[in-house]
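Visitor: First the structure, then my questions, so here it is.
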Amino acid sequence: MRLDQLQPICVAGEWRLGTGARYATLYPATGEAVTELHAASADDVEAAIAGAHQAFLHSGWAQRKPHERAAVLYRVAQLIREQSEELAQLQRLDNGKPIKETRALVASAAGTFQFFAAACETLEEVITPSRGDFVTMSVYEPMGVVAAITPWNSPIASEAQKMAPALAAGNAVVVKPAEITPLAALALARICDEAGVPKGLISILPGKGSVIGDLLTRHPLVKRVSFTGGTSTGKHIARIAADKMMPVSMELGGKSPTIVLDDADLDHAVAGVLYGIFSSSGESCIAGSRLFVARPLYEQFMQRLVTGARAIRIGDPADEHTLMGPLISAAHRQSVERYVDLGLSEGGQLLTGGERPSGGIFDQGYFYTPTIIAGLGNSARLCQEEVFGPVLVAMPFDDEAELLAQANDSTYALAAGIWSRDFQRAWRLGRALQAGTVWINTYKQFSISTPFGGWRDSGLGREKGRLGILQYMEQKSLYWGLNQQPIAWAPAVQE
Ligand code: NDP
């Protein structure tokens, strides 16, 4: 991708300038412009959906044999791998994540296309037990045009998680990436072109969610929306979807509890808790942002945690040794700061962090130090609301029943972590915690083969997993009559 020129967007396979407002994307580590583009306009949305609909009907993609569609998607995976360094650098510029992390995200995107290619060619349709003079089958059909709306925190992986299963299922897909991080999605669409995905099946429409995302959601030809983002946006989209009776999947926010039991391996737990909250600068839906530590361990554990947090290397995302880059934007850093102020005004004590580092690159970008706050009860707003930044609240607990009640006392239920050497306790807690994912003696590990999603305000539906492809398909039952005679109910009619 040439960054020194205006970026075209992809409207039903046509690469051309958007017809919306011109804007620059910014590198969060310096605040400097990376490149410029014109956002999509309402007309572009209309053209993208109309073109996608035509491509769905006439490109023959949906009619290809599953192994033929899979072959194209395997090729997408291969091309992502061949271009992985370029994509990782692009994504670093797009959202300021450290290069080590963006490389992992690119690898995950390749793995996602490979996995859904395999899911596509191995998906089985079933013959169900017959209960009459007929053979009954359950089969799946593609839906048509589906929309994918993604946030800024892990672009290439989020987009791959929606595009790969949507295409594998035989659909056309219109992607609305976050306005401020459109580059990875555009690069992914180029790769899909190169791999042989038929023209028109993919559109990438950067622009404001309140305009472009809203138009996509309301459009009668859009048959499903797969959304990742904030809970209030997700609820807004779900309300619109209800009027259309349109299925949606929602990957939303979190306020995930991490629990350190008194028999935990402390080296593992300290490392895991630090990684769980501070990697990706805490801009992660699954960040382990509420920490519960068994009281006998609490003082010792917190000392080690604070020492570890202070040792985290913050800095230039291009540096291989950087662990934490900047936050996504100046506005988001201010929001994180307001949450820290709120926590302190609620009676919290700042154990470390709570400031902007200064000097060199720190004076340009949107950096913020790893922050730990103690002394709050679980009902404090800082313990209940998602900060989406490097802010951990820590609380001691005395017994398991009290712990469980507090850990589950959240409007969110996305993920949770348990650190314990006791298999039985970990099993008991792991089953009792209300969350879409529970990690035991590890945290923030992902596998494309394992379903992911949240309960309650954390979401609806599951992405990933072999059956993730079914989110993008309609189920249909077929009855094949085997009757030797006309249906008995009907009166006999002679010629
Ligand atoms: P937002 O909900 O603000 O935005 C997400 C996407 O939705 C963006 O592309 C945005 O566009 C778009 N959007 C905004 N308003 C509308 C609308 N009215 N109709 C349709 N689309 C709209 O979330 P953030 O970008 O702030 O991302 C952070 C949130 O995402 C956090 O809450 C986080 O927890 C959640 N998240 C959840 C994940 C999960 O898997 N559970 C993973 C990653 C993040 P625009 O470009 O204008 O912002």
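The values are calculated or read from the model by the stated rules, or taken from the named source; none is laboratory data. Fair warning: this is a prediction, and the values are worked out from it, not measured in the lab. Here the Cβ is made from the backbone with ideal geometry for all residues, glycine too, and neighbour counts use every protein chain on show.
Visitor: Could you tell me whether region 379-392 includes any residue that is in a loop (DSSP other than H, G, I, E, B), over 27 Å from the mean Cα position of the chain (by Cα), on the phi < 0 side of the Ramachandran plot and buried (at least 22 other Cβ atoms within 10 Å of the Cβ)?
Guide: Looking for residues that are in a loop (DSSP other than H, G, I, E, B), over 27 Å from the mean Cα position of the chain (by Cα), on the phi < 0 side of the Ramachandran plot and buried (at least 22 other Cβ atoms within 10 Å of the Cβ), one finds none in region 379-392, hence no.
Visitor: Also, I was wondering about something else. Tell me yes or no: at least one residue of region 248-267 is under 30 Å from residue 470 (Cα atoms), of a type in the set (Ser, Thr, Tyr) and in a helix (DSSP H, G or I).
Guide: No, there is no match, as no residue in region 248-267 is under 30 Å from residue 470 (Cα atoms), of a type in the set (Ser, Thr, Tyr) and in a helix (DSSP H, G or I).
Visitor: Considering region 338-357 alone, what residues qualify as being free of Cβ contacts under 8 Å to residues at least 24 places away in the same chain and either closer than 16 Å to residue 379 by Cβ or not in a strand (DSSP E or B) (or both)?
Guide: If the condition is that a residue be free of Cβ contacts under 8 Å to residues at least 24 places away in the same chain and either closer than 16 Å to residue 379 by Cβ or not in a strand (DSSP E or B) (or both), then 338, 341, 345, 354, 355, 356 are the ones that fit.
Visitor: Separate question: Name the residues in region 317-337 that are within 25 Å of residue 90 (Cα to Cα) and assigned to a helix (DSSP H, G or I), would you?
Guide: Within region 317-337, 330, 331, 332, 333 qualify.
Visitor: In region 392-444, what residues are hydrophobic (A, V, I, L, M, F, W, C) and under 15 Å from residue 458 (Cα atoms)?
Guide: 407, 413, 414, 415, 416, 433, 435, 438
Visitor: Filter region 232-247 down to residues that are assigned to a helix (DSSP H, G or I), away from the ligand (no atom under 13 Å from the Cβ) and of a type outside the set (A, V, I, L, M), then give me how many there are.
Guide: Number satisfying all stated conditions: 2.
Visitor: Okay, next question. What residue, among those in region 363-374 that are touching a residue at least 24 places away in the same chain (Cβ under 8 Å) and of a type outside the set (Val, Ile, Thr), is nearest to residue 336 (Cα to Cα)?
Guide: 368
Visitor: Sticking with this one: Tell me, which residue of region 206-231 that is part of a loop (DSSP other than H, G, I, E, B) and over 26 Å from residue 378 (Cβ atoms) is nearest to the ligand (Cβ to nearest atom)?
Guide: Filtering region 206-231 for residues that are part of a loop (DSSP other than H, G, I, E, B) and over 26 Å from residue 378 (Cβ atoms), the one nearest to the ligand (Cβ to nearest atom) comes out as 208.
Visitor: Mind checking which helices (runs of 4 or more DSSP H) fall wholly inside region 1-108 and carry at least 2 residues that are within 21 Å of residue 209 (Cβ to Cβ)?
Guide: Qualifying helices (runs of 4 or more DSSP H): 42-58, 84-95.
Visitor: Specify the residue that is farthest from the ligand (Cβ to nearest atom); the eligible residues are those in region 437-481 that are of a type in the set (A, V, I, L, M) and either assigned by TED's automatic domain parsing to the domain that holds residue 415 or at pLDDT 95 or above (or both).
Guide: 478
Visitor: Wholly within region 123-195, which strands (runs of 3 or more DSSP E) include no fewer than the required count, namely at least 1 residues that are away from the ligand (no atom under 16 Å from the Cβ) and surrounded by 17 or more Cβ atoms within 10 Å (Cβ to Cβ)?
Guide: In region 123-195, 134-142, 172-176 are the strands (runs of 3 or more DSSP E) which contain 1 or more residues that are away from the ligand (no atom under 16 Å from the Cβ) and surrounded by 17 or more Cβ atoms within 10 Å (Cβ to Cβ).
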